[in-house]
Amino acid sequence: QVQVVESGGGLVQAGGSLRLSCTASGSIFLINAMGWDRQAPGKQRELVATVTTDGETDYADSVKGRFTISRLSTKNTVYLQMNSLEPDDTAVYYCYAKNQFSSTRYWGQGTQVTVSS
């Protein structure tokens, strides 16, 4: 019912910035939240940031003050602005869109972010 596509990953030096984007399509009326997880080698998958249709945001402690999640007024596109990147930020970043009725999360295929020392 919902398709999710993310992009914007790449290779960047420590201290640099990247902006990830994510667009959901299909039954957009079902969505009440979108956000990002990440999976790094040897680490557990973790929440990075979320934003709801009410404008509420949440961030992992490790990225607070460095990452910002935002959404367009159309509510089907979100961005993750990543500043002051660190090598520990290296991971595959996955975008999701949440179905408010079933709580199903629709996931993108992921985009690789690599931060070099």
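The values are calculated or read from the model by the stated rules, or taken from the named source; none is laboratory data. These numbers come from a predicted model, not from an experiment. Glycine also receives a Cβ, built like all others from the backbone with ideal geometry; neighbour counts cover every protein chain displayed. Note: areas computed on protein heavy atoms with side chains; ligands, DNA, RNA excluded. Shrake-Rupley method; radii C 1.70, N 1.55, O 1.52, S 1.80 Å.
Side notes on the structure shown:
- Modelled spin-label separation between Asn99 and Gln112, with each label point placed 7 Å from Cα along the Cα-to-Cβ direction: 3.2 nm.
- Given the chain, longest segment not containing exposed loop trypsin sites (Lys or Arg not before Pro) (DSSP; at most 12 other Cβ within 10 Å): 65-117
- Carbon and sulfur %, accessible surface of the stretch 36-102 computed with the full protein complex present, 1.4 Å: 44 percent
- Whole-Å distance, taken between Cα centres, linking the stretch 32-54 and the stretch 61-117: 6 Å
- Take every DSSP beta bridge whose two residues both sit in the chain; close to 90 percent of them are antiparallel.
- Charge dipole (debye, nearest 20) of the chain; +1 at Cβ of Lys and Arg, -1 at Cβ of Asp and Glu: 220 debye
- Accessible area in square angstrom per residue, the chain, 1.4 angstrom probe: 52 Å²
- The calculated FRET efficiency for Leu72 paired with Leu11, based on their beta-carbon distance and R0 = 30 Å, is about 0.65.
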